[in-house]
Amino acid sequence: MARKKVKLAWILNDSTRRVACRKRTKGLLKKVSELSTLCGVEVAVVAINPDNPEPDIWPSVPDAIRTLEKFESLPKLDQIKRTMNQEGFFRKQIEKLDQQAKKLANRNQDLHLDTLLYQCLSGKSLDDLNSQDLCDLARMIDAKANALEERINDLKGKETHSVQQASVEERIGSNNDSRRMVPMSKQDSLVLYNIYNQNIG
């Protein structure tokens with residue numbers, strides 16, 4: 001059975017929130033341990049729980065201090081290269097969603113224009129369309145015509161190339177045919193031998 005998707009929001013119930021914090025902190029430390037073991041990544045985790053006076057630290061206090069000091073010794077540019085706060089994370093998510101929305105809007109517009117084009121080809125009057133639809137439809141028809149013309153030119157170019165290649169192969173084949181040696185029969189060989197002997201004699 002699939003797990004129910006958890007809504008990412010503040011848990012109002014205190015006991016439920018404490019249980020969730022304990023479970024998720026344990027799961028986080030387990031994932032960090034797997035990351036460090038499988039990928040050889042140097043990781044330090046400090047999780048401060050308001051209900052627990054002692055913070056959860058992984059792997060240990062000395063190792064965490066050493067890792068944090070190593071991070072602090074890096075240049076500022078390297079420190080902030082891939083860091084992201086919650087605001088930056090949500091901004092990135094919003095940008096992705098905006099791009100998806102634009103793609104879907106463009107796709108819907110294309111489908112709308114395709115439908116209008118087929119309706120006009122089926123007999124719908126252009127007088128029923130507004131000026132924006134007419135402009136978009138004209139732009140789409142021009143684009144399709146240009147694409148069709150490019151395709152025709154491409155096919156003509158391929159056909160011309162094929163004809164030229166066939167002509168070259170035919171010329172090469174005819175030259176080869178004129179130089180090809182035909183095997184001689186035994187009787188023809190004897191006739192040539194006698195003619196040769198007569199000429200020598």
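The values are calculated or read from the model by the stated rules, or taken from the named source; none is laboratory data. Being a predicted model, the structure only gives us computed values, none of them experimental. Every residue, glycine among them, receives a Cβ derived from its backbone with ideal geometry; neighbour counts consider all protein chains shown. Side chains are part of the model used for accessible areas, which takes the heavy atoms of the whole protein and leaves out ligands, DNA and RNA. Shrake-Rupley method; radii C 1.70, N 1.55, O 1.52, S 1.80 Å.
Number of residues in the stretch 71-124 that are among the charged types (D, E, K, R), open to solvent by 90 Å² or more (accessible area, probe 1.4 Å) and modelled with pLDDT of 80 or more equals 10. Yes or no: VAL43 within 24 Å of PHE71 (Cβ to Cβ), in contact with a helix residue (DSSP H, G or I) (Cβ under 8 Å, 6 or more places away or on another chain), among the β-branched types (Val, Ile, Thr) and without any contact (Cβ under 8 Å) to a residue 60 or more places away in the chain? Criteria met by VAL43. Filtering ASN153, ASN130 for residues that are exposed (fewer than 10 other Cβ atoms within 10 Å of the Cβ), over 26 Å from the mean Cα position of the chain (by Cα) and without any contact (Cβ under 8 Å) to a residue 60 or more places away in the chain leaves a single hit, ASN130. Only residues that are more than 20 Å from PRO55 (Cβ to Cβ) and either of a type in the set (D, E, K, R) or in contact (Cβ under 8 Å) with a residue 24 or more places away in the chain (or both) were counted across the stretch 15-40, and they come to 1.
Candidates in the stretch 46-70 are the residues that are open to solvent by less than 70 Å² (accessible area, probe 1.4 Å) and under 25 Å from ARG17 (Cβ atoms); of these, the one that is farthest from the chain's Cα centre (by Cα) is ASN52. Pairs are defined by a Cβ separation below 9 Å, a sequence spacing of at least 6 or placement on different chains, a first member in the stretch 53-82 that is of a type in the set (Asp, Glu), and a second member that is open to solvent by 90 Å² or more (accessible area, probe 1.4 Å); the pairs so defined are ASP56/LYS26; ASP56/ILE48.
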